[in-house]
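So the structure is just underneath, and the comments pick up after that.
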Amino acid sequence: MIQDTDAFRYPLPFNIAEAIAAQILAGEFRPGERLKEGELAHRYRTSRAPIREALYLLQVQGLIERVPRRGTVVRTYTAEDIEALYQTRIALELLAVDRIQAHWDDTFILALQKVVHSMHRAVQHHDYPQYAADNSRFHQEIVEHGGGTVIFALWHQISYPLKYLLRASIQSEDEIARSLAEHERIVEAFQHLDFEVVKNVLRDNILHGMQRVLAEHHPVH
């Protein structure tokens, strides 16, 4: 979800930003494609002012960028950008684990177990979009529980670009099985209060996602 900000008083720009973000994540707007204020205003039946504000929100989230002599375009990520995003995500999630360790709460495990159960159900029904959503929710549970507002805000800010990069990345059944096993190991390690194992498996899990994206990455110029 696009984050709120005091810079905007009205909900319309947020709703438009959410709609455009969904189109970008669905691949309806391609990397490097121009987003014209006039066309978007016509599509969403509004003036250009809310469109301009919505595009600003999407720029802050990292989904679009302003390019000289071209205007606003869907952002293209380089391999260096991708590595930076994933390394930032690793740092934030490991910091959240450290904070979970310092303020341990047994009820946290129940939330993770519920997500893993949903992941199992998604695999059994070959519902891979649901699996992807559960995967994201699993990591969000960790950051929400241990991160605090600042860490969660930073993690949330990079979540859209990561979803965008993963949208066209296809996981094989073997990769999904490995991913599920890694999440189960993370839960088990939390149950045993073995936080070093948690961090090691968590890091490996995120790096596997990065490697898959990099292997399929074909930047558009």
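What follows is calculated from the coordinates using simple rules that are stated; it is not laboratory data. All values derive from a computational prediction rather than experimental measurement. Methodologically, a virtual Cβ is constructed for each residue, glycine included, from the backbone with ideal geometry; neighbour enumeration extends over all protein chains shown.
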Task: For the range 93-164, alpha-carbon Rg and Dmax in angstrom - done: 13.1, 38
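Quick one: Kirkwood hydrodynamic radius for the range 41-126, alpha-carbon pairs, angstrom, one decimal? Could you put the intermediate results ahead of the total?
Numbers: mean 1/r = 0.0576 Å⁻¹.
About 17.4 Å, per the Kirkwood formula over Cα pairs.
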TODO: Please determine, in degrees from 0 to 90 and to the nearest 10, the orientation of helix 107-124 with respect to the longest principal axis defined by the Cα atoms of the chain, where the helix direction is its Cα long axis.
DONE: 70
Task: At R0 = 30 Å, FRET efficiency that the Cβ-Cβ distance of E175 and Q59 yields, to 0.05 - done: 0.40
TODO: For every helix of n ≥ 4 consecutive DSSP H residues, a contribution of -39,500 (n - 2.57) applies; sum these over the chain, divide by its total residues, and give [θ] at 222 nm rounded to the nearest 500 deg cm²/dmol.
DONE: -24500 deg cm²/dmol
Open item on the list: Can you give me the Rg/Rh ratio for the chain, using Cα atoms for both radii and the Kirkwood formula for Rh?
Closed with: 1.00
Task: Sequence ranges 120-131, 53-64, ranked by mean other-Cβ count within 10 angstrom, highest first - done: 53-64, 120-131
Open item on the list: Can you divide the C-alpha Rg of the range 110-221 by 2.2 N^0.38 Å and report the result to two decimal places?
Closed with: 1.08
- [ ] Could you check the simple spin-label distance between V197 and D127, using points 7 Å along Cα→Cβ, in nm with one decimal?
- [x] 3.0
Open item on the list: Assuming 0.36 nm per residue, please report the length gained on full extension of the stretch R70 to T149 beyond their Cα-Cα distance.
Closed with: 24.8 nm
TODO: Report the one residue of Q61, Y44, T76 whose Cα lies farthest in the direction of the positive end of the charge dipole of the range 34-96 (charges on C-beta: Lys and Arg +1, Asp and Glu -1; origin at the Cα centre).
DONE: Y44
Task: On Cα atoms only, tilt of 173-191 relative to the major axis of the chain in degrees - done: 60
- [ ] Using a Förster distance of 22 angstrom, determine the FRET efficiency expected from the C-beta separation of D81 and A49, and round it to 0.05.
- [x] 0.15
Task: Cα-based Rg / Dmax (Å) for the range 12-74 - done: 10.5, 28
Task: Charged-residue dipole, Cβ positions (Lys, Arg, Asp, Glu), the chain about Cα centre, Debye nearest 20 - done: 1200
TODO: Could you tell me how many degrees, from 0 to 90 and to the nearest 10, lie between the Cα long axis of helix 79-102 and the main elongation axis, the longest principal axis, of the Cα atoms of the chain?
DONE: 50
TODO: Among A132, H192, I142, flag the residue with its Cα farthest along the positive direction of the charge dipole of the chain, charges on Cβ as +1 for Lys/Arg and -1 for Asp/Glu.
DONE: A132
